[in-house]
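Single-structure report; data block below.
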């Protein structure tokens, strides 16, 4: 569904990605993991066109999208849940979800489609239905992350980009978020997951990439990368058995 080839991108003339090539098969969860500063968020933002690529290609469903604007990328069905959630704090849960549907509001069957998407989001995160009238800024971090994902799902994406969804959350909430991601995969959604918590991400990923300083250092099935002790120690911050 998505492929980058020899992608270079960065900030103020300095590349944070170096000849980066990844592929995301339709219906899969692909995890991109690595330490802070590896270039993971730059990758997500370049795919979303929030960061301009300096060289290389980004193809989505066989079409080069590297010259598209961010709204045009969203119209293609690529939707990002940004790091830090970036909700509209003064608005209610329901109003945030309604804004997620904005892309589809022009369709002829918009009303029916809207209710279907809302019911789907509420089935994944029942607490959002219970808190529909609550202001987003007064929710807990975990509830806000659920809302951020729910808002993205309201647009009925083809490809969901998740940037550090576990950031700052309690382990129990992270477990729930990752359970929902597996449900989304079963329902046919394709997911590109950027995560600093490599072990959890690779556990649910069909395929994974390990990044360091803008390069792919390793790739393979999620469980294979997760079980590679040398890789964990070198790039993912997991101490060796001897150090433990």
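Could you order the peptides 76-84, 217-225 from most to least packed, using the average number of other C-beta atoms within 10 Å per residue? Don't skip to the end; give the middle numbers.
Working: 76-84: 19.7, 217-225: 17.0.
The densest-packed peptide leads the list: 76-84, 217-225.
For 116, 49, 3, what ranking results if the residue with the fewest other Cβ atoms within 10 Å of its Cβ goes first?
Numbers: 116 12, 49 20, 3 17.
Arranged by neighbour count, lowest to highest, 116, 49, 3 become 116, 3, 49.
Please report the antiparallel percentage of the DSSP beta bridges confined to the chain, to the nearest 5.
Details: 21 of 39 bridges.
Counting DSSP beta bridges with both partners in the chain, the antiparallel share is about 55 percent.
Would you kindly calculate the translational diffusion coefficient of the range 111-244, applying Stokes-Einstein with the Kirkwood radius from alpha carbon pairs, for 4 °C and a viscosity of 1.567 mPa s, and quote it in µm² s⁻¹ without decimals? Walk me through the numbers before you get to the answer.
On the way: Rh = 16.4 Å.
Rounded, D is 79 µm²/s.
With contacts defined as alpha carbon pairs under 8 Å and 6 or more residues apart, what's the relative contact order of the range 44-90 in percent?
Working: 29 pairs, mean separation 15.8, N = 47.
The normalised contact order for the range 44-90 reaches 34 percent.
To check you understand DSSP bridge types, tell me what percent of the beta bridges within the range 107-244 (both residues inside) are antiparallel, rounded to 5. All intermediate terms of the calculation are to be shown ahead of the outcome.
Details: 5 of 10 bridges.
Antiparallel: roughly 50 percent of the beta bridges in the range 107-244.
Helix 171-186 sits at what angle to the longest principal axis of the chain, using alpha carbons and giving 0 to 90 degrees rounded to 10?
Roughly 80 degrees, rounded to the nearest 10.
Under 15 Å from the 7 Å Cα→Cβ point of residue 217, by amide nitrogen: which residues of the range 28-51?
From the range 28-51, the list is 32-40.
Show that you can apply the helix-only estimate: for the chain, add -39,500 (n - 2.57) for every DSSP H stretch of four or more residues, divide by all residues, and state [θ] at 222 nm to the nearest 500. Please report the intermediate quantities before stating the final value.
Values: 10 runs with 90 residues, N = 244.
My calculation for the chain gives -10500 deg cm²/dmol from helical runs alone.
Only Cα pairs within less than 10 Å get springs; with that Gaussian network setup on the chain, which residue of 140, 132, 41 has the largest fluctuation?
Among 140, 132, 41, the largest mean-square fluctuation in the Gaussian network model of the chain belongs to 140.
Could you work out the relative contact order of the chain, using alpha carbon pairs under 8 angstrom and six or more residues apart, expressed as a whole percent?
Over the chain, the number comes to 28 percent.
Okay, which of the range 144-172 sit inside 20 Å, backbone N to the point 7 Å along the Cα-Cβ direction of residue 110?
151-158
Taking only Cα atoms and a 10 Å spring cutoff, compute GNM fluctuations for the chain and point out the largest among 50, 162, 128.
Maximum among the listed residues: 50.
Students often get this wrong, so try it: which of (i) 18.5; (ii) 19.8; (iii) 19.0 is Kirkwood radius over Cα pairs in Å as calculated from the structure shown?
The listed entry that was calculated here is (i).
At residue 102 and residue 175, where each label point lies 7 Å from the Cα along Cα→Cβ, what is the point-to-point distance in nanometres?
Label-label distance for residue 102 and residue 175, simple model: 3.7 nm.
Set the Förster radius R0 to 35 Å, insert the Cβ-Cβ distance between residue 23 and residue 91 as r into 1/(1 + (r/R0)^6), and round the FRET efficiency to 0.05.
0.40
For residue 52 and residue 224 in one chain, what is 0.36 nm times their gap in residues minus the Cα-Cα distance, to one decimal in nm? Show your work: numbers first, answer last.
Values: separation 172, 0.36 × 172 = 61.92 nm, distance 3.28 nm.
Computed gain between residue 52 and residue 224 is 58.6 nm.
Computed from the coordinates by the stated procedures, all read-outs in this text should not be read as laboratory data. This one's a predicted model, so the numbers in the text were calculated from it and none came from an experiment. Using ideal geometry, Cβ is built from the backbone for each residue, glycine included, and neighbour counts are taken over all protein chains shown.
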